[in-house]
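**Q** To start, I am sharing the structure in question, which I have written as C-alpha coordinates.
The values are calculated or read from the model by the stated rules, or taken from the named source; none is laboratory data. Remember, it's a predicted structure, so these values are computed and weren't measured experimentally. We place every Cβ from the backbone using ideal geometry, glycine too, and count neighbours over all the protein chains shown. With ligands, DNA and RNA removed, areas are computed over all heavy atoms of the protein, side chains included. Shrake-Rupley method; radii C 1.70, N 1.55, O 1.52, S 1.80 Å.
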Amino acid sequence: MLPDAGKIASFVLCLASGYHRQKKTGNIMKVLVFISTLWCTFTSIQAISAMPSSQLFVAEKTPQGVKVKAITSDDSYHNQPLTTDGGVYFTKELSTQEGSQTDLFFYDFTTQQTRNLTNSPVSEYSPTLYPHDDGLSTIVVESTGKQRLWFYPFDSTRKAAPLLAHIDPVGYHVWGEQQDVMLFVLGTPHELHFTDINGHLPKLVAKDIDRSLAFNKAKQVYSFTYNKNNQLWLATYSPKTQLVTSQFVLPKPVRDYTWLDDDTVAYAVNNRIYTRSITSPKAVSQWMNLTQYCNTQISRLSYRAGKLAFVCSTR
(Lines give C-alpha, C1' and ligand atoms only; values in the text may rest on other atoms or scores of the structure.)
Protein backbone atom coordinates (compact mmCIF):
# COMPACT_ATOMS: atom_id res chain seq x y z
CA MET A 1 0.00 0.00 0.00
CA LEU A 2 1.39 3.39 -0.97
CA PRO A 3 0.50 6.69 0.79
CA ASP A 4 -1.18 9.35 -1.29
CA ALA A 5 1.41 11.58 -3.00
CA GLY A 6 -0.77 14.67 -2.60
CA LYS A 7 -0.93 14.26 1.17
CA ILE A 8 2.85 13.85 1.36
CA ALA A 9 3.29 17.02 -0.69
CA SER A 10 0.98 18.93 1.69
CA PHE A 11 3.02 17.64 4.62
CA VAL A 12 6.29 18.89 3.08
CA LEU A 13 4.79 22.29 2.22
CA CYS A 14 3.45 22.63 5.73
CA LEU A 15 6.90 21.98 7.25
CA ALA A 16 8.54 24.37 4.79
CA SER A 17 6.04 27.08 5.68
CA GLY A 18 6.79 26.65 9.41
CA TYR A 19 10.54 26.92 8.76
CA HIS A 20 10.02 30.08 6.66
CA ARG A 21 7.96 31.74 9.41
CA GLN A 22 10.58 30.83 12.01
CA LYS A 23 13.34 32.62 10.08
CA LYS A 24 11.26 35.82 10.12
CA THR A 25 10.36 35.77 13.83
CA GLY A 26 12.18 36.44 17.03
CA ASN A 27 12.85 34.05 19.89
CA ILE A 28 9.41 34.60 21.47
CA MET A 29 7.62 33.43 18.33
CA LYS A 30 9.90 30.45 17.76
CA VAL A 31 8.11 28.40 20.41
CA LEU A 32 4.73 29.06 18.81
CA VAL A 33 6.10 28.22 15.37
CA PHE A 34 7.60 24.99 16.74
CA ILE A 35 4.22 23.99 18.23
CA SER A 36 2.54 24.84 14.94
CA THR A 37 5.05 22.68 13.06
CA LEU A 38 4.48 19.76 15.45
CA TRP A 39 0.73 20.05 14.89
CA CYS A 40 1.31 20.18 11.15
CA THR A 41 3.39 17.00 11.40
CA PHE A 42 0.77 15.20 13.49
CA THR A 43 -2.20 16.11 11.31
CA SER A 44 -0.33 15.36 8.09
CA ILE A 45 0.78 11.93 9.29
CA GLN A 46 -2.78 11.24 10.40
CA ALA A 47 -4.00 12.18 6.91
CA ILE A 48 -1.41 9.93 5.26
CA SER A 49 -2.29 6.95 7.44
CA ALA A 50 -6.05 7.35 7.06
CA MET A 51 -7.57 4.82 4.68
CA PRO A 52 -10.78 5.39 2.71
CA SER A 53 -13.90 3.92 4.29
CA SER A 54 -15.69 1.19 2.37
CA GLN A 55 -18.30 -1.51 2.90
CA LEU A 56 -18.49 -5.13 1.76
CA PHE A 57 -21.63 -6.75 0.34
CA VAL A 58 -22.48 -10.17 -1.09
CA ALA A 59 -24.90 -10.38 -4.02
CA GLU A 60 -26.67 -13.48 -5.40
CA LYS A 61 -28.88 -13.96 -8.44
CA THR A 62 -32.24 -15.53 -7.53
CA PRO A 63 -35.42 -16.27 -9.52
CA GLN A 64 -36.93 -13.19 -7.85
CA GLY A 65 -34.01 -10.92 -8.75
CA VAL A 66 -30.83 -9.99 -6.92
CA LYS A 67 -30.39 -10.70 -3.21
CA VAL A 68 -27.84 -8.45 -1.49
CA LYS A 69 -26.50 -8.55 2.08
CA ALA A 70 -24.01 -6.25 3.80
CA ILE A 71 -21.33 -8.29 5.59
CA THR A 72 -19.39 -5.38 7.15
CA SER A 73 -20.08 -1.93 8.53
CA ASP A 74 -19.27 1.18 6.52
CA ASP A 75 -17.18 3.04 9.09
CA SER A 76 -13.68 1.89 8.13
CA TYR A 77 -11.63 0.28 5.38
CA HIS A 78 -13.10 -3.11 4.32
CA ASN A 79 -11.54 -4.22 1.05
CA GLN A 80 -9.75 -6.81 -1.10
CA PRO A 81 -12.42 -9.54 -0.87
CA LEU A 82 -11.75 -13.16 -1.77
CA THR A 83 -14.95 -15.17 -2.18
CA THR A 84 -14.72 -18.91 -1.44
CA ASP A 85 -17.27 -21.71 -1.04
CA GLY A 86 -17.43 -21.13 2.72
CA GLY A 87 -17.26 -17.36 2.99
CA VAL A 88 -15.36 -14.18 2.19
CA TYR A 89 -11.81 -13.30 3.25
CA PHE A 90 -11.05 -9.59 3.33
CA THR A 91 -8.78 -6.83 4.66
CA LYS A 92 -10.00 -4.54 7.44
CA GLU A 93 -8.45 -1.45 8.99
CA LEU A 94 -8.18 -1.34 12.78
CA SER A 95 -7.44 1.79 14.82
CA THR A 96 -5.09 1.65 17.80
CA GLN A 97 -3.41 4.20 20.05
CA GLU A 98 -0.31 3.95 17.85
CA GLY A 99 -2.28 4.62 14.65
CA SER A 100 -4.00 2.29 12.24
CA GLN A 101 -3.17 -1.10 10.74
CA THR A 102 -4.93 -3.84 8.80
CA ASP A 103 -5.72 -7.44 9.69
CA LEU A 104 -7.23 -10.28 7.67
CA PHE A 105 -10.83 -11.24 8.46
CA PHE A 106 -13.23 -13.99 7.40
CA TYR A 107 -17.01 -13.81 7.02
CA ASP A 108 -18.62 -17.26 7.33
CA PHE A 109 -21.64 -17.89 5.07
CA THR A 110 -23.06 -20.56 7.41
CA THR A 111 -22.77 -18.80 10.77
CA GLN A 112 -22.95 -15.26 9.33
CA GLN A 113 -20.20 -14.36 11.79
CA THR A 114 -16.91 -12.52 11.17
CA ARG A 115 -13.61 -13.26 12.88
CA ASN A 116 -10.12 -11.78 12.87
CA LEU A 117 -7.67 -14.32 11.46
CA THR A 118 -4.35 -12.55 12.06
CA ASN A 119 -4.70 -10.04 14.92
CA SER A 120 -1.04 -9.07 14.58
CA PRO A 121 1.03 -5.91 15.22
CA VAL A 122 1.86 -5.59 11.50
CA SER A 123 -0.42 -4.88 8.54
CA GLU A 124 -1.59 -7.67 6.22
CA TYR A 125 -3.28 -7.17 2.84
CA SER A 126 -4.74 -9.18 -0.03
CA PRO A 127 -5.70 -12.54 1.55
CA THR A 128 -5.28 -15.46 -0.88
CA LEU A 129 -5.73 -19.20 -0.32
CA TYR A 130 -2.29 -20.79 -0.29
CA PRO A 131 -2.39 -23.87 -2.57
CA HIS A 132 0.54 -25.70 -0.96
CA ASP A 133 -0.53 -25.72 2.69
CA ASP A 134 -3.58 -25.06 4.86
CA GLY A 135 -3.64 -21.30 5.25
CA LEU A 136 -3.44 -17.92 3.55
CA SER A 137 -0.73 -16.16 1.63
CA THR A 138 -0.78 -12.43 2.17
CA ILE A 139 1.18 -9.24 1.65
CA VAL A 140 2.75 -8.08 4.94
CA VAL A 141 4.14 -4.65 5.70
CA GLU A 142 6.89 -5.73 8.08
CA SER A 143 8.18 -3.73 11.04
CA THR A 144 11.29 -2.90 9.00
CA GLY A 145 9.12 -1.33 6.30
CA LYS A 146 9.65 -4.15 3.81
CA GLN A 147 6.55 -5.35 1.97
CA ARG A 148 6.80 -9.07 1.24
CA LEU A 149 4.75 -12.19 0.65
CA TRP A 150 4.01 -14.30 3.77
CA PHE A 151 2.22 -17.52 4.69
CA TYR A 152 -0.26 -17.52 7.60
CA PRO A 153 -1.36 -21.07 8.60
CA PHE A 154 -4.92 -21.63 9.78
CA ASP A 155 -3.49 -23.73 12.64
CA SER A 156 -2.86 -21.15 15.38
CA THR A 157 -0.11 -23.30 16.93
CA ARG A 158 2.05 -22.73 13.86
CA LYS A 159 3.94 -19.51 13.17
CA ALA A 160 3.59 -17.31 10.12
CA ALA A 161 6.62 -17.24 7.82
CA PRO A 162 7.80 -15.26 4.80
CA LEU A 163 7.56 -16.70 1.29
CA LEU A 164 9.97 -15.63 -1.45
CA ALA A 165 11.86 -13.53 1.08
CA HIS A 166 14.27 -12.33 -1.62
CA ILE A 167 11.55 -10.39 -3.49
CA ASP A 168 10.22 -7.00 -2.33
CA PRO A 169 8.31 -4.74 -2.40
CA VAL A 170 5.31 -6.89 -3.38
CA GLY A 171 1.87 -5.32 -3.74
CA TYR A 172 -0.39 -8.17 -4.93
CA HIS A 173 -0.06 -11.81 -5.96
CA VAL A 174 -1.91 -14.78 -7.46
CA TRP A 175 -1.05 -18.50 -7.57
CA GLY A 176 -1.04 -20.74 -10.61
CA GLU A 177 -1.79 -24.44 -10.74
CA GLN A 178 1.74 -25.77 -10.19
CA GLN A 179 4.24 -24.09 -7.87
CA ASP A 180 4.24 -20.84 -9.81
CA VAL A 181 3.05 -17.43 -8.74
CA MET A 182 2.55 -14.03 -10.35
CA LEU A 183 3.68 -10.96 -8.40
CA PHE A 184 2.86 -7.27 -8.63
CA VAL A 185 6.21 -5.64 -7.77
CA LEU A 186 5.99 -1.98 -6.82
CA GLY A 187 8.17 0.45 -8.72
CA THR A 188 8.18 3.21 -11.32
CA PRO A 189 6.44 1.78 -13.20
CA HIS A 190 4.95 -1.23 -11.40
CA GLU A 191 6.03 -4.57 -12.87
CA LEU A 192 4.54 -8.04 -13.28
CA HIS A 193 6.92 -10.85 -12.30
CA PHE A 194 6.48 -14.60 -12.81
CA THR A 195 8.30 -17.02 -10.51
CA ASP A 196 7.84 -20.11 -8.31
CA ILE A 197 8.30 -21.15 -4.70
CA ASN A 198 11.55 -22.95 -5.45
CA GLY A 199 13.59 -19.76 -5.36
CA HIS A 200 14.14 -19.23 -9.09
CA LEU A 201 14.81 -15.70 -10.22
CA PRO A 202 11.58 -13.96 -11.30
CA LYS A 203 10.84 -13.35 -14.97
CA LEU A 204 9.64 -9.88 -16.01
CA VAL A 205 6.32 -10.31 -17.85
CA ALA A 206 4.98 -6.75 -18.24
CA LYS A 207 5.48 -3.17 -17.09
CA ASP A 208 3.10 -0.37 -16.10
CA ILE A 209 0.61 -2.86 -14.72
CA ASP A 210 -2.40 -2.26 -12.46
CA ARG A 211 -3.52 -4.14 -9.37
CA SER A 212 -5.96 -6.78 -10.64
CA LEU A 213 -4.43 -10.28 -11.00
CA ALA A 214 -6.17 -13.65 -11.48
CA PHE A 215 -5.57 -17.19 -12.73
CA ASN A 216 -7.85 -18.99 -15.20
CA LYS A 217 -7.41 -22.70 -14.51
CA ALA A 218 -9.39 -23.89 -17.54
CA LYS A 219 -7.35 -21.82 -19.99
CA GLN A 220 -4.11 -22.20 -18.00
CA VAL A 221 -3.38 -18.47 -18.20
CA TYR A 222 -2.87 -15.64 -15.77
CA SER A 223 -4.88 -12.49 -16.33
CA PHE A 224 -3.82 -8.98 -15.41
CA THR A 225 -4.32 -5.35 -16.40
CA TYR A 226 -1.75 -2.97 -17.79
CA ASN A 227 -1.56 0.51 -19.29
CA LYS A 228 -0.93 1.00 -22.99
CA ASN A 229 -1.52 4.22 -24.95
CA ASN A 230 -3.33 5.80 -21.98
CA GLN A 231 -5.79 2.91 -21.80
CA LEU A 232 -6.12 0.06 -19.32
CA TRP A 233 -6.08 -3.33 -21.05
CA LEU A 234 -7.10 -6.75 -19.79
CA ALA A 235 -4.38 -9.17 -20.84
CA THR A 236 -3.41 -12.82 -20.33
CA TYR A 237 -0.08 -14.57 -19.88
CA SER A 238 0.58 -18.23 -20.71
CA PRO A 239 3.36 -19.85 -18.64
CA LYS A 240 3.61 -22.56 -21.31
CA THR A 241 4.19 -20.28 -24.29
CA GLN A 242 5.50 -17.32 -22.22
CA LEU A 243 3.39 -15.00 -24.38
CA VAL A 244 1.28 -12.00 -23.35
CA THR A 245 -2.01 -11.51 -25.20
CA SER A 246 -3.89 -8.21 -24.99
CA GLN A 247 -7.61 -9.04 -24.81
CA PHE A 248 -9.61 -5.79 -24.70
CA VAL A 249 -9.66 -2.27 -23.29
CA LEU A 250 -11.50 -1.81 -20.02
CA PRO A 251 -13.85 1.19 -19.79
CA LYS A 252 -12.89 4.06 -17.53
CA PRO A 253 -12.76 4.11 -14.50
CA VAL A 254 -12.62 0.28 -14.22
CA ARG A 255 -9.52 -1.15 -12.51
CA ASP A 256 -10.75 -4.51 -11.24
CA TYR A 257 -12.55 -7.56 -12.61
CA THR A 258 -13.44 -11.12 -11.60
CA TRP A 259 -13.86 -14.33 -13.59
CA LEU A 260 -17.43 -15.67 -13.67
CA ASP A 261 -16.55 -18.79 -15.66
CA ASP A 262 -13.85 -20.07 -18.01
CA ASP A 263 -14.58 -17.41 -20.64
CA THR A 264 -16.43 -14.54 -18.95
CA VAL A 265 -15.25 -11.69 -16.75
CA ALA A 266 -17.34 -9.22 -14.79
CA TYR A 267 -16.48 -5.64 -13.82
CA ALA A 268 -18.28 -2.65 -12.32
CA VAL A 269 -18.90 0.69 -13.98
CA ASN A 270 -20.00 2.98 -11.15
CA ASN A 271 -22.57 0.73 -9.43
CA ARG A 272 -23.62 -1.61 -12.23
CA ILE A 273 -21.98 -4.95 -13.03
CA TYR A 274 -21.24 -5.87 -16.65
CA THR A 275 -20.06 -9.13 -18.20
CA ARG A 276 -17.77 -9.66 -21.16
CA SER A 277 -16.50 -12.71 -23.01
CA ILE A 278 -12.84 -13.24 -23.83
CA THR A 279 -13.71 -14.98 -27.10
CA SER A 280 -16.33 -12.36 -28.08
CA PRO A 281 -15.14 -9.16 -26.36
CA LYS A 282 -17.38 -6.79 -28.34
CA ALA A 283 -20.49 -8.18 -26.66
CA VAL A 284 -21.05 -6.45 -23.30
CA SER A 285 -24.08 -7.19 -21.10
CA GLN A 286 -25.38 -5.65 -17.90
CA TRP A 287 -25.57 -8.38 -15.27
CA MET A 288 -26.59 -6.59 -12.07
CA ASN A 289 -27.82 -3.12 -11.18
CA LEU A 290 -26.70 -2.49 -7.61
CA THR A 291 -27.61 1.20 -7.43
CA GLN A 292 -29.99 0.79 -4.47
CA TYR A 293 -27.24 -0.86 -2.40
CA CYS A 294 -24.28 1.27 -3.46
CA ASN A 295 -24.93 4.85 -4.57
CA THR A 296 -21.25 5.71 -4.99
CA GLN A 297 -18.69 3.47 -6.69
CA ILE A 298 -18.06 -0.27 -6.67
CA SER A 299 -14.28 -0.54 -6.57
CA ARG A 300 -13.54 -4.28 -6.27
CA LEU A 301 -15.34 -7.57 -6.71
CA SER A 302 -14.79 -11.31 -6.28
CA TYR A 303 -17.04 -14.13 -7.55
CA ARG A 304 -17.36 -17.76 -6.57
CA ALA A 305 -20.15 -20.35 -6.87
CA GLY A 306 -23.01 -17.93 -7.42
CA LYS A 307 -21.91 -15.34 -4.85
CA LEU A 308 -20.40 -11.97 -5.75
CA ALA A 309 -18.61 -10.02 -3.03
CA PHE A 310 -18.22 -6.34 -3.90
CA VAL A 311 -16.73 -3.24 -2.26
CA CYS A 312 -18.75 -0.04 -2.12
CA SER A 313 -16.86 3.19 -1.47
CA THR A 314 -18.19 5.34 1.39
CA ARG A 315 -18.26 9.10 1.00
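**Q** Among the aspartates and glutamates, which fall within straight-line cross-link reach of Lys61, defined as a Cα-Cα distance under 17 Å, with same-chain neighbours fewer than 8 residues apart omitted?
**A** Asp85, Asp261
**Q** Taking the simple approach of a point 7 Å from Cα along Cα-to-Cβ for both Val68 and Asn270, what is their distance in nm?
**A** Going from the Val68 label point to the Asn270 one covers 1.3 nm.
**Q** Compute, for the range 87-159, the length of the dipole vector about the Cα centre, with Cβ point charges of +1 (Lys, Arg) and -1 (Asp, Glu) only. Units Debye, rounded to 20.
**A** The dipole of the range 87-159 has a size of about 100 debye.
**Q** Net charge around Phe310, counting only other residues with Cβ within less than 10 Å of its Cβ (Lys, Arg = +1; Asp, Glu = -1)?
**A** Details: positive: Arg300; negative: Asp256.
Charge balance near Phe310 sits at 0.
**Q** Okay, moving on. Using a ≥ b ≥ c from the Cα gyration tensor of the range 239-282 (square roots of the eigenvalues), is it rounded, prolate or oblate, where a/c under 1.5 gives rounded and otherwise the larger of a/b and b/c decides, a/b for prolate? Mind showing how you got there, number by number?
**A** On the way: a/c = 2.17, a/b = 1.76, b/c = 1.23.
Here the range 239-282 falls in the prolate category.
**Q** Okay, moving on. Of the accessible area of the range 54-313, with the probe set at 1.4 angstrom, what percent is carbon plus sulfur? Numbers along the way, then the final one.
**A** Details: 5720 of 12380 Å².
Answer for the range 54-313 is 46 percent, counting heavy atoms of protein chains only.
**Q** Let me ask you something else. May I ask for the distance between the Cα centers of the range 202-253 and the range 181-198, given as a whole number of Å?
**A** 12 Å
**Q** Determine the gain in length on full extension of the stretch Gln113-Val284; use 0.36 nm per residue of separation and subtract their C-alpha separation, reporting nm with one decimal.
**A** Numbers: separation 171, 0.36 × 171 = 61.56 nm, distance 3.60 nm.
Once the chain is fully extended between Gln113 and Val284, it gains 58.0 nm.
**Q** I've got another one for you. Quick one: length gained pulling Asp85 to Leu129 fully straight, 0.36 nm per residue minus the C-alpha distance?
**A** Numbers: separation 44, 0.36 × 44 = 15.84 nm, distance 1.18 nm.
Working it through step by step, the gained length comes to 14.7 nm.
**Q** Would you calculate the separation in nanometres between label points at Lys61 and Lys240, each defined as 7 Å from the Cα along the Cα-to-beta-carbon direction?
**A** Going by the 7 Å Cα→Cβ label model, 2.9 nm.
**Q** I need the calculated FRET efficiency for the pair Val249 and His166, taking r as the beta carbon distance and R₀ as 30 Å, to the nearest 0.05. If you can, show how the numbers build up before the last one.
**A** Numbers: r = 35 Å, r/R0 = 1.17.
My answer for the efficiency is 0.30.
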